[in-house]
Structure formats: structure tokens, C-alpha cells
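Taking it in order: structure first as C-alpha cells, then the write-up.
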Amino acid sequence: MTKPRNISRRAFFRGAVLTGAGTAGGVGLMGCTVLSNVNTPVPLYNLRPQITFDTPLPKVDMQLVISVPNADADLDTARIALRRSTGVTEYFGNAAWTDNGPNLIQSKLLEAFEKTDSVAVGRDVAGLIPDFVLQSELRDFQAEYQNDSFVGAHIRLTAKLVRMSDRKIVSIINAEQKVKASGTDILQVVAAFEAALAPVLEQVVTGTLKAMQAG
């Protein structure tokens with residue numbers, strides 16, 4: 001009869017450590033594989049519309065606060081929306097905005113007003129005491145298909161200027177633009193959004209400043 005082999009405590013623990021290291025190494029490799037998939041970066045796109053004002057804008061010695069636009073849930077996201085003629089909203093799979101749609105539009109409105117150097121302007125979270133507040137509804141902010149053919153970008157913004165002294169809406173500005181994209185590549189889609197956003201911002205800024213001047 002073969003006698004059981006006696007294993008020293010040192011040999012036993014050495015084997016256990018080596019076995020544990022091998023197991024840990026295997027888990028580590030599996031973890032790296034999973035993390036590499038999870039951390040695949042999604043390209044983020046900002047909008048840099050080229051804004052120009054054809055006529056001199058009035059300067060107003062007042063403070064204006066820009067609220068975050070309201071939007072439906074399908075547009076209140078950083079995902080780039082794609083809407084078909086059936087009314088179904090989808091999203092581009094491997095692309096996103098740098099912020100959700102309403103926050104992005106608020107930032108671009110702020111930049112547009114700052115560019116005019118015509119009014120003191122800020123966000124509604126800055127603790128300002130404004131003379132006027134610009135509230136808005138983001139009705140459309142998506143790429144669109146019609147009859148299974150890609151069309152381009154559609155932006156529609158309804159802005160309401162509220163005079164804070166009496167909480168009265170003194171002006172309503174409806175700005176809307178549709179711009180055909182030169183192709184279906186994401187850079188071409190973003191370029192269409194920029195081209196559509198520029199005149200929307202110009203219309204809102206011009207109308208707001210004129211209404212503030214009128215009081």
C-alpha cells in the first residue's frame with residue numbers, strides 16, 4: 001500500500017499562493033476585456049454656429065437672465081435625435097452632444113447675447129436679479145427623415161421675454177429653421193445643425209433686444 005505523501009506546511013502554502021495568483025491573473029484579464037468594451041469612447045459634438053447680425057443692435061442698460069429651455073423627454077437628452085416621418089424618435093448610435101439639448105441651447109443663446117455686447121446677460125442659476133427673463137420651449141431639435149430619405153436638421157424654438165417688474169410676457173419670438181445636410185455622415189449632420197441654429201439664435205437675440213429697448 002502506498003503511503004500518503006506528507007506535504008510540508010511551507011510547500012502547501014507556496015502551492016496555494018501560486019494557485020491564487022493564477023486565478024487572480026485570469027480574473028484580471030477577463031476584467032480588462034470587459035472594461036475595454038465599457039470604456040469605448042463615444043464621440044461628443046459641440047455646436048459652433050457662425051452668427052452674424054446684419055443691422056446694429058440696440059444697447060440696453062438692463063440685466064437679462066436666460067432660463068434653460070423646456071423640452072419633451074425625447075429631446076431632453078445628450079443623444080442626437082433622429083425623427084422619421086412616422087413621428088418615431090430614434091438616436092444616432094455612436095455620437096452624442098456635449099450636453100443635453102436644452103442645456104446646449106441655453107449655452108448657445110448665452111454666447112450669442114455675449115457676442116453682441118449689448119446687454120448684461122447670465123444664466124438663471126447665477127443668483128442675479130434680472131430686469132427680464134428669457135424663457136423658451138425647444139420644440140424641435142433633431143435630424144429628420146421623410147419618405148425614408150434623410151433630409152437634414154430641424155430646430156424650432158419659441159422664446160418668451162418676461163418683464164420681471166410685473167411678471168408680464170412682453171414679446172414672443174418663434175424661430176424655426178430646417179437645413180438640408182450634404183450627406184449622412186455624422187460630421188455632415190452636425191454641420192446641418194450648426195447652419196440651422198445660427199439664424200434661430202440671430203432671430204431670438206435681435207427680437208429680445210428690441211423688445212427690451214421698447215420696455
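Listed here are the residues, each with its yes/no results for (1) over 15 Å from the mean Cα position of the chain (by Cα); (2) over 26 Å from residue 184 (Cβ atoms).
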position: 75; (1), (2): no, no
position: 80; (1), (2): no, no
position: 89; (1), (2): yes, no
position: 94; (1), (2): no, no
position: 110; (1), (2): no, yes
position: 114; (1), (2): yes, yes
position: 136; (1), (2): yes, yes
position: 144; (1), (2): yes, no
position: 151; (1), (2): yes, no
Problem set entry | Checklist (1) touching a residue at least 12 places away in the same chain (Cβ under 8 Å); (2) farther than 17 Å from residue 60 by Cβ; (3) assigned to a strand (DSSP E or B) applied to residue 189, failing item | (3)
Exercise. Quick one: in region 118-142, which of the residues that are in contact (Cβ under 8 Å) with a residue 40 or more places away in the chain and assigned to a loop (DSSP other than H, G, I, E, B) is nearest to residue 92 (Cα to Cα)?
Worked result: 124
Exercise. Only one residue in 123, 156 is at pLDDT below 95, farther than 17 Å from residue 187 by Cα and touching a helix residue (DSSP H, G or I) at 6+ places or on another chain (Cβ under 9 Å), so which one is that?
Worked result: 123
Exercise. Yes or no: residue 205 part of a helix (DSSP H, G or I) and in contact (Cβ under 8 Å) with a residue 24 or more places away in the chain?
Worked result: yes
Exercise. So residue 138 clears everything in (1) at pLDDT below 95; (2) under 22 Å from residue 85 (Cβ atoms) except one condition, right? Which one?
Worked result: (1)
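The values are calculated or read from the model by the stated rules, or taken from the named source; none is laboratory data. Computed from a prediction, not measured in an experiment: that's the story for all the values here. Methodologically, a virtual Cβ is constructed for each residue, glycine included, from the backbone with ideal geometry; neighbour enumeration extends over all protein chains shown.
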